Amino acid sequence: MASSGESDPSFRRVMNGVHTWTGVILGMLLFAIFWTGTLAVFDKEIDQWMMPAIRLQRPVGNVVLDKQRASYAAAVADHAFTWNIVLPNDRLTVVQTLWYGMRGPEYHYDNPETGEELPVVGTLAGSGFLYPFHYSLQLRFLNLGIWLVGLAGMAMMALCVSGVIIHRKIFADFFTFRPQRTSKRAVLDLHNVAGVLGLPFHFVVTLSGLVILYALYFPSGWIPAYGGNLRAFNQEAFGSFARAKANQPGSVASLDAMASEVRRLWPDEKLASVTIYYPGDAAAYVEFNTSSAGQVVNSGNTAVFDAATGALLSRRSKLSSVMTAYRFMFGLHIVQFHHWTLRWLYFVLGLAGCVLIGTGSLFWLESRRRRPAGGGFGFRIVEALTIAGISGIIVATFSFFLVNRLLPAAIPNRASVEVWVFFSVWIASLVHAWLRPSRIAWLEQSWSIAVTALAAVLFNAVTTGDNLARALWHSHLHAIAGMDLLLLLGAAVAIFAARRIASSRVDDGAATPFRG
Amino acid sequence: VAKERTLARVTAHIVLVVVGGYIGASGIVALLSVALPAFAGMARSDAVVLSSMSGFIFYLALFLWGIAYRHSLRLALWLFVLTGACFSLVAVIHRVQV
């Protein structure tokens, strides 16, 4: 990479060290975050694939909210703090209800026309597992996962800056890809192309991801200003309504009457979600949010009603400019606006991020291996972690999809079993990478990717009848078709990589998938 | 032995930059959160959100500067002075406002 140059060589050398060692230490954590984040771009579509019961036609007309009472009664019985309905939209054809009960989050899916609960098999799917994994690593203890992701995010920004500094021929490398030269050269070219082309996206997506959780990462902002009262801060910042619980039983007036009041207030807006605070309590209140799907700024209008009487308590349609800037960064990251071209662009650039991180690690391994004292114990650890971190997590993800279609619907703790399979396969891939010579490990894990991906597509068709041809034909099954096509593409890439590794020369006993 | 000592020194420097940089950035965030409403007339919640969002950039800048700064002790001193000054000013502004 950068040799000592003419302009401030020591600074550049330090930045080279920062880039190399940050990448070696946090590269695979970053890969896992980028990989699950990329999948979370299509979390609702993954949900449809993993929950065949919600593959319905989009409803016509407004959803009758008062038909969803059964779910509300269940939330009251479960002593939930809030009860939330997400109404059908571009990416969700059913009504989703959510509450946090005594057994944690409860996701339910109702038929929008009849209000009947749909027989969804136990699964956390995309929005319940892959998406929270992206920002919490499912390590809830002391928010450890969220802090690790924050550290990795800061590291990613440091990698972006140091990468630009050590990179002198940034424009020339834009057009340079030499796959037929040595594997080391090809890997570095790919790293540079992915890095330079995706640089604005990678920097902004990382910064906006961190900014979302500013109150958690920088409590030194609100603590001195609000004397440690987070609720008071949030109330002032978002203009949100709040009042104390009455601890007396209470009822809920007609939600549809409140909804028509919201439509009268803002005739041009579409309803997106409804939340009832303190279900079952006399002080319960109902918050209606309108859709912000047409804009990046993730903030719709809000109207709050008294649950018992249906009287309008508060409404808000504008945020301050600073809060708008925050909700812009928020919306930029979580991609809840409805624009299919942009959504695909996020997906492709997310994959480019995975390529960037993966090739960076491969380049380090290739360079190290050639050193006289390069193949020691520490090297083997990084090598095994890299194999499990790149191909292992992909096998684990595809196994997560596959086991979803293989497990019987009735087994207890079905959702946990799926998650357990994900982590078991991931750990198994690390053990495998440690025990086998690296070239063989890459080869076998590439084949595993291909086999799990093809099997997932096959068993989706067998167990649901929604095969690729049928899914392409019916517009309400396009999410299924997209998922199947991406799995087939993944299998094709894995087979290509496996064949390339298999035919590579075994000169130094090791190879990478990019060997020429 | 010399190599081990270098490794220990480098590790200590990195820990100092990662932890000290975060504390320094937190200090700047705290100061701006109370100073912007006091001196620039910004709404209190806006000041908190703006300064907290900028905190990540402060941290990044402190990290890159600190990692390139050779002298660990002098760096620790600088970060200590920065953080101390920020939180002292926060206390002063609080005192004046009450």
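Name the residues whose placed amide hydrogens come within less than 5 Å of the amide hydrogen of A:Leu271, ignoring near sequence neighbours (fewer than 5 apart) on the same chain.
A:Ser291
Which of the peptides A:145-157, A:324-336 is most tightly packed, and how do the rest follow, judged by the mean count of other Cβ atoms within 10 Å per residue? Intermediate results must be reported in sequence, preceding the final value.
On the way: A:145-157: 20.5, A:324-336: 18.8.
Put in order of decreasing packing, that is A:145-157, A:324-336.
Might you report the magnitude of the Cβ-based charge dipole of segment A:256-297 about its Cα centre, with Lys and Arg at +1 and Asp and Glu at -1, to the nearest 20 debye?
Working: 3 positive and 6 negative charges, 24 e Å.
Here the size comes out at about 120 debye.
For segment A:360-367, take each phi angle, set θ = phi - 60°, evaluate the Karplus expression 6.51 cos²θ - 1.76 cosθ + 1.60, and give the result in whole Hz per residue in order, putting x for glycine and proline.
Here the 3J(HN,Hα) series is x, 5, 5, 4, 4, 4, 4, 5 Hz.
So which residue, out of B:Val18, B:Val34, B:Val81, gets the largest mean-square fluctuation from a GNM of chain B using Cα contacts under 10 Å as springs?
B:Val81
Does segment A:385-516 classify as rounded, prolate or oblate by the C-alpha gyration tensor (a ≥ b ≥ c root eigenvalues; a/c under 1.5 gives rounded; else a/b over b/c gives prolate, otherwise oblate)? Walk me through the numbers before you get to the answer.
Numbers: a/c = 3.36, a/b = 1.54, b/c = 2.18.
It is oblate, given that a/c is not under 1.5 and a/b is not larger than b/c.
Hey, what did segment A:301-394 get for relative contact order, percent, Cα under 8 Å, at least 6 apart? Kindly include the intermediate steps, with their values, before the conclusion.
Numbers: 34 pairs, mean separation 12.5, N = 94.
Relative contact order comes out at 13 percent.
Over the alpha-carbon set of segment A:127-248, divide Rg by the Kirkwood Rh and report the Rg/Rh ratio to two decimals. Write out the running numbers ahead of the final one.
Details: Rg = 21.2 Å, Rh = 18.1 Å.
My calculation puts Rg/Rh at 1.17.
In terms of modelled amide H atoms, which long-range or inter-chain residues lie less than 5 Å from the amide H of A:Ala282?
A:Ala246, A:Asn247, A:Gln248, A:Gly250
What number do you get for segment A:223-350 when its Cα radius of gyration is normalised by 2.2 N^0.38 Å, N = residues?
On the way: Rg = 17.0 Å, N = 128, 2.2 N^0.38 = 13.9 Å.
Here the Cα radius of gyration is 1.22 times the empirical estimate.
Around B:Leu16, with a cut-off of 15 angstrom between Cβ atoms, what is the net charge of the other residues, counting Lys and Arg +1 and Asp and Glu -1?
Details: positive: B:Arg9, B:Arg70, B:Arg74; negative: none.
Summing Lys and Arg as +1 and Asp and Glu as -1 gives +3.
Fewest first, what order do A:Glu269, A:Glu366 take by the number of other Cβ atoms within 10 Å? Intermediate values should be presented prior to the final figure.
Working: A:Glu269 18, A:Glu366 24.
Ascending Cβ contact count within 10 Å gives the list A:Glu269, A:Glu366.
In percent, how large is the relative contact order of segment A:1-96, given Cα pairs closer than 8 Å and 6 or more residues apart? Intermediate values should be presented prior to the final figure.
Details: 40 pairs, mean separation 20.8, N = 96.
In percent, rounded to a whole number, it is 22.
Suppose every Lys and Arg Cβ carries +1 and every Asp and Glu Cβ carries -1, with no other charges. What dipole size does the protein assembly as shown come out with about its Cα centre, to the nearest 20 debye?
Numbers: 48 positive and 33 negative charges, 453 e Å.
The dipole magnitude comes to about 2180 debye.
Just to check I understand the Karplus step: with θ = phi - 60° and J = 6.51 cos²θ - 1.76 cosθ + 1.60, what whole-Hz values come out for segment A:93-109, glycine and proline as x?
My calculation for segment A:93-109 gives 9, 10, 8, 9, 10, 9, 8, 9, x, 6, 9, x, x, 10, 9, 10, 10 Hz in order.
Hey, what do the phi angles of segment B:27-44 turn into as Karplus ³J(HN,Hα) couplings, whole Hz, using 6.51/-1.76/1.60 and θ = phi - 60°, x for Gly and Pro?
x, 4, 4, 4, 4, 4, 4, 9, 7, 4, x, 6, 10, 10, x, 6, 4, 4
In a Debye calculation with equal point scatterers on the alpha-carbon sites of segment A:1-120 and no solvent, what is log10 I(q)/I(0) at q = 0.12, 0.13, 0.19, 0.22 Å⁻¹?
Treating every Cα as an identical point scatterer, log10 I(q)/I(0) equals -0.60, -0.65, -1.05, -1.19.
Could you put A:Ser291, B:Ser52, B:Ser33, A:Ser317 in order, starting from the residue whose Cβ has the fewest other Cβ atoms within 10 Å?
On the way: A:Ser291 19, B:Ser52 27, B:Ser33 30, A:Ser317 14.
Ascending Cβ contact count within 10 Å gives the list A:Ser317, A:Ser291, B:Ser52, B:Ser33.
Label segment B:9-96 by shape, choosing from rounded, prolate and oblate, from the square roots a ≥ b ≥ c of the eigenvalues of the Cα gyration tensor; if a/c is under 1.5 it is rounded, and otherwise prolate applies when a/b is larger than b/c, oblate when it is not.
Details: a/c = 3.59, a/b = 1.99, b/c = 1.80.
In terms of gyration-tensor shape, prolate.
Decide, for segment A:262-331, between rounded, prolate and oblate: order the square roots of the alpha carbon gyration tensor eigenvalues as a ≥ b ≥ c, take rounded if a/c falls under 1.5, and otherwise choose prolate if a/b is larger than b/c, else oblate.
Values: a/c = 2.31, a/b = 1.80, b/c = 1.28.
Prolate.
How many angstrom lie between the C-alpha centres of segment A:197-218 and segment A:235-306?
Going from one Cα centre to the other spans 29 Å.
In which sequence would A:Tyr107, A:Tyr285 go, from the one with the fewest C-beta neighbours within 10 Å to the one with the most?
Details: A:Tyr107 18, A:Tyr285 21.
The most exposed by this proxy come first: A:Tyr107, A:Tyr285.
Please work out how many pairs of lysine residues in chain A are eight or more positions apart (or on different chains) and have Cα atoms closer than 30 angstrom.
Going through chain A pair by pair, I get 9.
If you take the charge dipole of chain A about its Cα centre, with +1 on Lys and Arg Cβ and -1 on Asp and Glu Cβ, which of A:Ser391, A:Phe129, A:Phe422 is farthest toward its positive end?
It is A:Ser391, whose Cα lies furthest towards the positive end.
Readers should treat all values here as calculations from the given coordinates under stated rules, not as data from a laboratory. Please read all numbers here as calculations on a predicted model, not as lab measurements. Here Cβ is always computed from backbone atoms with ideal geometry, including for glycine, and neighbour counts include all displayed protein chains.
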